[in-house]
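For reference, the structure is listed below as structure tokens.
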Amino acid sequence: MEPIVINRKESKLRVTPEWADVCFTCGTCASGCPVTGVDGMDPRKAVRMAALGLDQELIDSRFPWICTLCGRCEYACPQGVEILKMMRRARGLRQREKVPGPIHKGVVMDLQRGNKLGIETKYLWELVADSLIVEPWSEEEVEKAHALRDAQYERDEIVLEEEEEE
């Protein structure tokens with residue numbers, strides 16, 4: 001068996017150089033993740049892989065594609081590690097021909113609605129809040145979250161379809 005080479009300085013997945021170094025590896029992110037344990041992975045392990053420069057192993061794994069991008073991990077993280085950015089980067093670095101076929105529908109849905117489940121953003125945050133046993137977000141908090149999401153999408157040049165007002 002070949003040894004795994006760890007090359008921290010050349011990680012393509014870390015958002016900023018110090019980003020993954022602040023991770024406590026406490027596992028709080030994994031406790032809220034709906035796909036923890038699938039293929040023996042969880043958000044904490046993915047963050048450690050990025051911190052250790054094991055980018056290609058994470059990019060080639062199924063975990064970035066199984067991740068629902070629901071944000072529970074990032075919301076729960078006491079250190080504010082930007083796990084969703086890392087997962088999006090891992091997806092973006094995978095060769096197009098190696099992206100799982102059925103995943104394309106989920107990716108399109110994520111780009112259009114902000115999540116792979118196709119749930120309108122305002123309802124998704126209510127579900128996330130309920131599952132974390134916290135009070136639902138105020139209108140101000142929802143608007144702030146939308147502004148952050150929109151800024152991320154604008155930076156990544158992602159066009160969202162407008163959600164219909166009820």
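The values are calculated or read from the model by the stated rules, or taken from the named source; none is laboratory data. All figures in this text were calculated on a predicted structure; none of them were measured in a lab. We place every Cβ from the backbone using ideal geometry, glycine too, and count neighbours over all the protein chains shown.
Which ones in segment 34-83 are among the hydroxyl-bearing types (S, T, Y) and outside any loop (DSSP other than H, G, I, E, B)?
Listed by number, the list holds a single entry, Y75.
Got a sec? Which of C77, C67, C23, C33 is in contact with a Leu (Cβ under 9 Å, 6 or more places away or on another chain) and crowded, with 17+ Cβ neighbours inside 10 Å?
C67
If you check A20, A51, A46, A76, which single one turns out to be modelled with pLDDT of 90 or more, farther than 22 Å from M109 by Cα and more than 11 Å from the chain's Cα centre (by Cα)?
Testing whether each residue is modelled with pLDDT of 90 or more, farther than 22 Å from M109 by Cα and more than 11 Å from the chain's Cα centre (by Cα) leaves just A76.
Residues of segment 84-105 being in a loop (DSSP other than H, G, I, E, B) and surrounded by 12 or more Cβ atoms within 10 Å (Cβ to Cβ), which ones?
Listed by number, the residues that qualify are R94, V99, P100.
(1) closer than 22 Å to A145 by Cβ; (2) in contact with a Pro (Cβ under 7 Å, 6 or more places away or on another chain); (3) buried (at least 21 other Cβ atoms within 10 Å of the Cβ): which one isn't true of T28, the others all being true?
So the condition that T28 fails would be (3).
Answer with yes or no whether R91 is modelled with pLDDT of 75 or more, touching a helix residue (DSSP H, G or I) at 6+ places or on another chain (Cβ under 9 Å), over 14 Å from Y75 (Cα atoms) and among the basic types (K, R).
Answer is yes for this residue.
Exactly one condition in (1) part of a helix (DSSP H, G or I); (2) of a type in the set (V, I, T); (3) in contact with a helix residue (DSSP H, G or I) (Cβ under 6 Å, 6 or more places away or on another chain) is false for V108; which is it?
Single failed check for V108: (3).
Would you check if I83 is touching a residue at least 40 places away in the same chain (Cβ under 8 Å) and aliphatic (A, V, I, L, M)?
Yes, satisfied.
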